[in-house]
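The values are calculated or read from the model by the stated rules, or taken from the named source; none is laboratory data. Source: prediction; values computed, not measured. Every residue, glycine as well, gets a Cβ built from its backbone with ideal geometry; the counts of neighbours run over all protein chains shown. Accessible surface is based on the protein model in full, side chains and every heavy atom, while ligands, DNA and RNA are left aside. Shrake-Rupley method; radii C 1.70, N 1.55, O 1.52, S 1.80 Å.
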Amino acid sequence: MNAALAPEHAAAAAQFSLKPLSFRIGEEVIGLDLKRCDEISDDSIAALWRTLTHRGLLLFRNQGLNHDQHLAFTRRFGPLALTGLTSRYAPEGYPDIFTVTNIRKNGQRSETENAAQQWHTDQTFLKVPARASMLRCEIPPQNGGDTMFCSTQHVYDDLSDGLKKTLEPLSAFHTLFGTRSKVMKGRKALNDEELTRVEGSVQPVILTHPDTGRKILYINEQCVDHFEGWTIEESAPLLDYLYAQIRHPMYQYRHRWSAGDVLFWDNRCTQHYAPLDYDFANLDAPENRRLMFRSTLA
Ligand SMILES: O=C(O)CCC(=O)C(=O)O
Ligand SMILES: [Fe+2]
């Protein structure tokens with residue numbers, strides 16, 4: 001049995017097995033059919049949650065979920081959050097789903113074709129950021145289109161005691177409109193109602209994970225350009241250093257998608273990034289199409 005499973009979840013181990021995706025982050029979950037998530041025991045759901053919070057990321061291969069099955073499985077872990085900045089990227093009839101695609105509609109480029117061009121964790125600009133996100137792949141590009149994940153609890157662990165002490169009392173303002181953010185590039189401006197939803201939030205720089213008690217480096221390039229009480233110029237060298245740690249391959253797992261894959265990540269202790277490692281200049285070619293759907297936990 002994997003170390004991520006506590007002894008009290010031994011019964012759940014009968015329903016699935018685990019296989020590490022990399023040393024510091026991620027487990028593949030083998031043996032579950034998420035289409036029939038009502039047959040997954042409460043014990044197994046608790047064991048999956050525990051594994052997720054300790055290992056940051058769960059992979060379920062070849063699931064072929066539709067929107068209803070995707071939402072039903074997400075809801076086994078709690079209520080859904082507002083997805084994305086707004087529900088403007090939701091598929092028809094599914095306001096809780098965020099579409100990540102490069103497929104054009106009526107000749108128009110998709111606003112989410114490059115949605116993860118910076119390392120980030122989802123929705124930290126909300127007062128109550130998203131707990132976890134679940135992304136499923138319907139169409140992967142033929143070559144590439146990967147998503148990368150970083151374990152920010154391990155990034156924290158490796159900082160020096162001196163730097164940990166400096167960061168501990170700091171907080172940062174998270175916003176989509178900071179000097180480093182690329183989120184709104186190529187997107188239609190937000191309307192007044194949308195703007196009130198994404199006002200920004202103040203978050204600790206070092207977060208203690210509410211479930212595991214572990215400390216995490218909790219700033220992301222998409223949302224943070226300064227520490228509270230520091231100027232952008234003063235913050236920049238230290239932020240640059242910290243963001244460079246998040247990019248270090250030793251903390252990462254890189255996923256090559258197949259249609260039907262589901263990835264479930266904990267937004268507190270991980271970050272993710274999509275490196276556009278496919279023929280992004282040729283989006284009209286069918287082999288470059290990418291279509292994914294995300295649900296988000298409050
Ligand atoms: O496009 C991707 O691989 C990731 C998209 C993303 O950041 C998200 O759905 O939260
Ligand atoms: Fe994201």
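Observations
- The one condition in (1) in contact (Cβ under 8 Å) with a residue 60 or more places away in the chain; (2) under 17 Å from His226 (Cα atoms); (3) open to solvent by less than 60 Å² (accessible area, probe 1.4 Å) that Ile97 fails to fulfil: (2)
- Here is the figure for segment 249-262: residues that are part of a loop (DSSP other than H, G, I, E, B), crowded, with 20+ Cβ neighbours inside 10 Å and not acidic (Asp, Glu) total 1.
- When restricted to residues that are part of a loop (DSSP other than H, G, I, E, B) and either within 13 Å of ligand 2 (Cβ to nearest atom) or small (Gly, Ala, Ser) (or both), segment 77-125 contains 21.
- Looking at Asp161, Asp157, just one residue is more than 19 Å from Arg24 (Cα to Cα), away from ligand 1 (no atom under 13 Å from the Cβ), more than 18 Å from the chain's Cα centre (by Cα) and acidic (Asp, Glu), and that residue is Asp161.
- Qualifying position, being modelled with pLDDT under 95, acidic (Asp, Glu) and more than 21 Å from Asn267 (Cα to Cα), among Asp192, Asp122, Asp161: Asp192
- Residue among Leu167, Leu159, Leu190 that alone is under 18 Å from Gln123 (Cα atoms) and open to solvent by less than 30 Å² (accessible area, probe 1.4 Å): Leu190
- Beta carbons closer than 6 Å, at least 6 apart along the sequence or on distinct chains, pair a first residue in segment 280-298 that is over 23 Å from Ile97 (Cβ atoms) with a second that is open to solvent by 20 Å² or more (accessible area, probe 1.4 Å) and not small (Gly, Ala, Ser) for Glu287/Gln142.
- Cross-chain or 6+ apart pairs with Cβ under 9 Å, segment 39-59 first and open to solvent by 40 Å² or more (accessible area, probe 1.4 Å), then among the hydroxyl-bearing types (Ser, Thr, Tyr): Arg50/Thr212; His54/Thr212
- Sole exception among (1) among the charged types (D, E, K, R); (2) under 23 Å from Ser201 (Cβ atoms); (3) touching a residue at least 40 places away in the same chain (Cβ under 8 Å) for Arg247, by number: (2)
- Here is the figure for segment 263-298: residues that are of a type in the set (A, V, I, L, M), assigned to a strand (DSSP E or B) and within 14 Å of ligand 2 (Cβ to nearest atom) total 3.
- Tally, over segment 195-231, of residues that are in a strand (DSSP E or B) and at pLDDT 95 or above: 10
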